[in-house]
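Each reported figure results from applying straightforward, stated rules to the coordinates on display, with no laboratory input. As the structure is a computational prediction, the values presented were derived from the model and not from experiment. Positions of Cβ are generated from backbone atoms using ideal geometry, with glycine treated the same way; all protein chains shown enter the neighbour counts.
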Amino acid sequence: MRREQKRERILTGDRVTGKLHLGHYVGSLKNRVMLQEEYDPYFILADVQALTTHFEQPELVRQHVREVALDYLAAGIDPDLSTIFIQSLVPEIAELTVYYSMFVTVNSLRHNPTVKSEAADRGYDDLYYGFLGYPVSQAADITFCKATLIPVGEDQIPHVEQTRRIVRRFNELYGTVFEEPKALVGEVPRLIGLDGKGKMSKSLGNAIQLDSSKSEVEAKLKKAVTDPARIHKHDPGHPEICPVFAYHEAFMPEESEEIREQCMQARIGCAECKQRIARRINDVLEPMRERRAYYEARPKQVEDILRSGTDQARRIAGETMQEVREAMRIDYFTGE
Ligand code: TRP
């Protein structure tokens, strides 16, 4: 019943290569939790996409399907309002990917800025076919369920653009089946890492994971880099270059102006500033810890959620594929 009442379908998700952290929370998860009331959201556990870079570690991918599902549920994604599903178990996505790949050129993929920078980060020279093509597969993730709104971080915009081009071309070639989806980019920019060197990322070791304990959060913040020019408490600080201040802005916007002034006037020390934000982050994480503990104690329930989400995704996928096959004239045995 709930689904009929909702208008627009959302699809977004994550590569299941690592547990989610605070950067994911402020950049995307928090938004997803809010959106689930108003929309019909689908969340994809992108295990196939994870394999494009981690095909040598299938066990890691397998483990993170469950970990990321727990992160979603802990963050407040409600399985009664949202559909969480496993990419590989919706084979229609793979099927659509093959059809789309007929009319997507290799150059358009090579020039995709996100593919380019990921390839550079990983030191790829000769690109794997699956890796180069993952934006095509992502277009299939988005279109198999006819999602029109894609809440993502900025780095995903080229993929949504690529999806829009694929949709346009498909409709042009075979008749209108799909609507062009739109990216919905969160207001919060990428959260900086504890080392202040770049975005928060598990692989850079500068992240606070959502399943961190209270004392882990405190310990990590204690060690966080602050303004290097501020050695003594009476040195005025430069909040704009301080990662701890960035966390204040992200998690305590209502107090961040006051903190900024206190820091610049050397009226608050880094230790106290860190304790304050650690308390706030722990307040945010506490309900997640409770929900995580609930679901961790009920693996069967988590499995049921993923199973029924995946069944729901497959139902929709089946409907879409019928239209696609008809449009592409590959609907053979339709007679008596
Ligand atoms: N590429 C996304 C990431 O790296 C994950 C993803 C897979 C995705 N399929 C998607 C995001 C479809 C939005 C829509 O996090």
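Excluding residues fewer than 8 places away in the same chain, name every one of the lysines whose C-alpha is closer than 20 Å to that of K116.
Once the sequence-local lysines are set aside, what remains near K116 is K199.
Under a crude label model (7 Å from the Cα following the beta-carbon direction), how far is Y128 from E56 in nanometres?
With each label placed 7 Å out from Cα toward Cβ, I get 1.0 nm.
What ranking, highest mean first, results for peptides 77-87, 136-146 when packing means the other Cβ atoms within 10 Å averaged over each residue? Walk me through the intermediate numbers first.
Values: 77-87: 20.5, 136-146: 25.5.
Ranking, from highest mean packing down: 136-146, 77-87.
In the range 264-280, which residues have a backbone nitrogen under 17 Å from the label point lying 7 Å from I241's Cα in the Cα-to-Cβ direction?
Hits in the range 264-280 for I241 at 17 Å: 264-266, 270.
Multiply the residue separation of D78 and E38 by 0.36 nm, subtract the distance between their alpha-carbon atoms, and state the gained length in nm to one decimal.
Details: separation 40, 0.36 × 40 = 14.40 nm, distance 1.27 nm.
Here the segment from D78 to E38 would lengthen by 13.1 nm.
Where the eigenvalues come from the Cα gyration tensor of the chain, what are the semi-axes √(5λ) of the equivalent ellipsoid, largest first, in whole Å? Write down the numbers at each step before the final one.
On the way: eigenvalues 321, 98, 63 Å².
Those come to 40, 22, 18 Å.
Determine, for each peptide in 235-247, 116-128, the mean count of other beta carbons within 10 angstrom over its residues, then list the peptides with the highest first. Each step should come with its number before you reach the end.
Working: 235-247: 19.6, 116-128: 11.8.
Ranked by mean Cβ neighbours within 10 Å, highest first: 235-247, 116-128.
List every residue whose amide H lies under 5 Å from the amide H of L184, counting only residues 5 or more places away in sequence or on a different chain, with H placed 1.01 Å from N in the peptide plane.
Here the answer is I150, V152, since their amide H atoms fall under 5 Å of that of L184.
For the pair R298 and E255, what calculated FRET efficiency results from E = 1/(1 + (r/R0)^6), where r is the Cβ-Cβ distance and R0 = 35 Å, to the nearest 0.05?
Computed FRET efficiency for E255 and R298 comes out at 0.40.
When the C-alpha atoms of the range 214-292 are aligned to their principal axes, what extent does each axis show, in angstrom, from largest down?
Answer, in whole Å and largest first: 42, 24, 17 Å.
Remind me, what semi-axes does the range 189-336 give for its equivalent ellipsoid, largest first in whole Å, using sqrt of 5 times each Cα gyration tensor eigenvalue?
Details: eigenvalues 469, 81, 31 Å².
Values for the range 189-336, descending: 48, 20, 12 Å.
Could you pull out every one of the aspartates and glutamates with an alpha carbon less than 12 Å from that of K214, ignoring same-chain neighbours closer than 8 positions?
Leaving aside aspartates and glutamates fewer than 8 places away in the same chain, those within reach of K214 are D283, E286.
Run through the DSSP bridge list for the chain and note the antiparallel percent, rounded to the nearest 5. Intermediate values should be presented prior to the final figure.
Working: 2 of 18 bridges.
Antiparallel: roughly 10 percent of the beta bridges in the chain.
Only helical DSSP H runs with n ≥ 4 go in: add -39500 (n - 2.57) per run for the chain, normalise by residue count and round the 222 nm mean residue ellipticity to 500 deg cm²/dmol. Let's see the in-between values first.
On the way: 15 runs with 179 residues, N = 336.
Taken over the chain, the calculation gives -16500 deg cm²/dmol.
Pulled fully out, how much extra length does the chain show between V98 and E8, if you take 0.36 nm times their separation in residues and subtract their Cα-Cα distance?
Gain in length upon complete extension: 29.7 nm.
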